[in-house]
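We did not get these values from a lab; they are worked out from the coordinates using the rules stated. Just so it is clear, the structure is predicted and the values come from calculations on it, not from any experiment. Backbone-built Cβ (ideal geometry, glycine too); neighbour counts: all protein chains shown.
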Amino acid sequence: MTIGSALSVGLIGLKAFAIQMQAFISPGLPYFSIIGLPDASLSEARERVKSACQASGFKWPETRVTVNLSPASMPKRGSSHDLAIATSVLSAANHIPHDCLADTIVLGELNLDGSVLPVNGVLPIGLYAREHGIGRMIVPQANVEEAELVEGLDVTGVRHLGELIELMGGKARYHLDDARPAAQPDDAATTGERRTAPGDMAEVLGQEHTKWALEVAAAGGHHLLMTGPPGSGKTMLASRMPGIMCPLDEQAQLEVASVRSLCGTLAAYGITDVPPFEAPHHTASTASLVGGGSGVAKPGAITRAHRGVLFMDEAPEFSPRTLQTLREPLESGYVSLSRAKGTTYYPARFQLVMAANPCPCGYGYGDGERCTCREKDRIRYFSRLSGPILDRIDIQVEVPPIDHIIQTPSARQTTSAEMRARVIAARQVARSRYAAQRWTCNAEASGSWMRANTSRSALKLIDLALEDSRLSLRGADRAMRLAWTLADLGGRTSPGHDEMMQGIALRTRET
């Protein structure tokens, strides 16, 4: 009877947990079993591990081999544990020393020829290792660059199981030249944002009022709805939003990179301080937006937009059920996905930017001469954006059509760099003000703090709006947050009458 062990790490969402692999070789008929709640892909590791070991010159034991994944109560999934399972079996068979992998995390998927393929989620696993004092990781060679993003880790990359065996002091038979090359992410499908930086606001003709609204949204972390006819520049403006936002700090960069690592797209983006930008199509399903799937739910668009922008173009064309799923994440900053095998939590602290036409044909603005829609069609179209959703959107702005393209010699378009500088300055003021509360922007401040620190004369305007039913109580808090953002942009220590009036006006859309 011989027992060998190795250490791997599993992920439920972005939450990592250690998995102790114990291989037990005992007398009996030849059989290889994996126990400890493995999913289908992990159960199939039996054939991959057995073939890879034989390809490396290891004679598979002609007895019973059992591998236990501890803790047995936690579900395990994926092929990233193949290399650790093979290592535990090799240790149990005395093919490598028993203590050579103490306090070492082993990750990697195995091919039948023994080559090691890259896996997803290496970055959050590396952060877990550093947090728990595990100083060494063995990962596929294609994941080395990602693992080395975590400071203080001793990272070793391997391309073949035989390479790992020799690294641990054993003997192997393998040829790297014959090994199948490691699969890389589909660069063409995932590098769009990395190759194309956000465009400049100066490229947008006119729309100075809408640009100002975007600047207010970026400065305070506010959600935004733009309503206007086709071709007025709504999509163009939204796509340039990341270029005027504050650069991500180190913690936010790691959070964004961890999500991309889990999705398998980190190699396409790298570590960057540019906020992410996600723009799902209006036919997107609920699961693709919030996350889903059998077993452990996968992240959706709102998680991929964490710390960045979720842009929903043609917002009324999204299904009402899909739109309603945004309500909880907009308030809490995370999404909870419950499945039969447990609950998965993903971060979802994003800025929502919506764009909508005024009616189905798009021309129901101004005097509506060109509009061909019936009144009931207009009402039905925009009613898909329900009251609870609109109440959570801080800024609702009309985007008028452009009536000329010839610019006067004195006309000058505001650039993204200028807007970003003002946004950064306003954010720094807000961070200093909220240092004790650890809020980072006005959109995160509590209503009680706002009411206690806003002047009485400014609060009277809120009371008047509440009496006229122009604002709900939630809307009142959001109008106050807007007023504080306007004060920060204007260099004032607190909002006055003008800032509060502007905050209320930005909250209410003309109908």
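Any residue in region 69-84 that is over 30 Å from the mean Cα position of the chain (by Cα) and either in contact (Cβ under 8 Å) with a residue 40 or more places away in the chain or part of a strand (DSSP E or B) (or both)?
Looking for residues that are over 30 Å from the mean Cα position of the chain (by Cα) and either in contact (Cβ under 8 Å) with a residue 40 or more places away in the chain or part of a strand (DSSP E or B) (or both), one finds none in region 69-84, hence no.
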- Note on the structure: Of those in region 48-68 that are in a helix (DSSP H, G or I) and of a type in the set (S, T, N, Q), the residue surrounded by the most Cβ atoms within 10 Å (Cβ to Cβ) is SER51
- All positions within region 371-390 that are part of a loop (DSSP other than H, G, I, E, B) and either in contact (Cβ under 8 Å) with a residue 60 or more places away in the chain or aromatic (Phe, Trp, Tyr) (or both): ARG384, LEU385, SER386
- Task: Could you pull out every one of the helices (runs of 4 or more DSSP H) wholly within region 284-370 that has 3 or more residues that are hydrophobic (A, V, I, L, M, F, W, C) and over 30 Å from ILE402 (Cα atoms)?
- Result: 286-290
- Message: List the helices (runs of 4 or more DSSP H) inside region 438-511, counting only whole elements, that have at least 3 residues being closer than 27 Å to PRO358 by Cβ.
- Response: 473-490, 497-507
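Given the criterion of a type outside the set (A, V, I, L, M) and touching a Ser or Thr at 6+ places or on another chain (Cβ under 6 Å), identify the matching residue among TYR381, TYR346, TYR365. Outline the logic, then answer.
Values: TYR381 fails: touching a Ser or Thr at 6+ places or on another chain (Cβ under 6 Å); TYR365 fails: touching a Ser or Thr at 6+ places or on another chain (Cβ under 6 Å).
Going through TYR381, TYR346, TYR365 in turn, just one is of a type outside the set (A, V, I, L, M) and touching a Ser or Thr at 6+ places or on another chain (Cβ under 6 Å): TYR346.
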